[in-house]
1. Any idea how far apart Arg254 and Arg281 come out in nm if each label point goes 7 Å out from Cα toward Cβ?
2. What does the convex hull of the Cα atoms of segment 175-296 come to per residue, in Å³, rounded to a whole number?
3. At 0.36 nm per residue, and after removing the present C-alpha to C-alpha distance, how many nm does the segment from Arg261 to Asp99 gain when stretched out fully?
Amino acid sequence: MPPPDETTAPPAPPAPPAPPHRIPADFVRFAVALEAPELAWGYLHDRLTAEDAVRLAFLRRCDLGAPGEAFARIHARGPDDATELAAVCREILGDDPEDARRVWDHLALSRDVSRASSEGGGVGDGDGGVADGDVGDGADGGAAVEASRRQLADGRREFLLDRAASGRGMNWQESSALLGTDRPEEVDAAFDRGEERVGVAVIGLALTHPDAAAILPRVARALDRALDTSDPGLRHQGIVALAHTARLHRTVDRRCLDLLRRCPRGNEADQDLWGYVAHRRLPWWLWRHQLGERLRWPSPRR
């Protein structure tokens with residue numbers, strides 16, 4: 001037998017497998033209105049990194065203000081001391097871990113569907129799709145797709161829509177908490193309930209949500225209701241939300257422009273639309289107002 005080649009390096013050990021269904025905080029925060037025991041379960045069962053668990057705790061504490069004490073305890077531990085963080089999470093989780101686990105089953109399915117859809121392999125139904133490659137062909141495959149769709153819709157209703165409808169997802173008594181609103185479903189439910197501070201939540205959505213397509217329909221709803229009810233406070237909040245959207249996303253839609261036209265000129269949205277959105281996308285009446293204002297400015301010669 002020839003001697004071994006001492007110059008050949010031994011093969012590198014295989015990389016450890018990724019934890020099952022670890023889910024980024026930025027996915028969780030928009031998909032569900034997470035409760036404290038559920039967050040604790042997610043960290044203890046490796047669905048979240050320590051950094052993401054602490055970040056989600058901070059965001060949910062902001063959502064809830066003073067009632068978010070359990071989230072504040074998780075956030076206060078920070079991500080650096082895993083032993084202390086795990087101890088606090090075990091205390092918050094309590095003696096009924098199975099109930100807290102269910103939201104993570106929903107999040108895992110929702111995450112898989114989202115990834116499959118983004119890769120072009122999903123079957124959508126409005127609330128998300130199910131990847132054809134994840135199930136078999138034929139009747140059994142079709143039944144599995146339908147079952148997954150039902151499971152996804154049921155989870156979305158239980159962990160997001162029902163919590164939003166009942167007001168559990170946000171603290172509707174504190175304006176400072178509402179300025180962190182980042183789930184459009186919370187705003188829709190607040191309109192349906194007739195929440196007094198819904199305009200503050202619309203501003204919060206404009207400041208925090210990454211997609212203008214989710215923001216602008218709620219801004220339009222605020223402006224529409226304000227104009228129909230002659231509510232100057234809500235009208236101003238809708239205008240401020242539209243201004244933030246223009247400044248942060250550099251876009252606007254036709255519905256918001258039609259409603260803005262019915263508002264007094266010279267407001268915050270007029271200025272930010274003109275300053276941040278391409279002028280070719282703006283209507284003639286805003287051009288007329290802005291150019292008219294400039295013609296009225298005193299020239300150096302005068």
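What follows draws every value from the coordinates through simple rules; no lab data is involved. A quick note: this is a predicted structure, and the numbers were derived from the prediction, not measured. Note that each Cβ is placed from the backbone with ideal geometry, even for glycine, and that neighbours are counted across all protein chains shown.
1. 1.5 nm
2. Working: hull volume 11.7 nm³, N = 122.
Taking the convex hull of the Cα positions in segment 175-296, it is 96 Å³ per residue.
3. 53.3 nm
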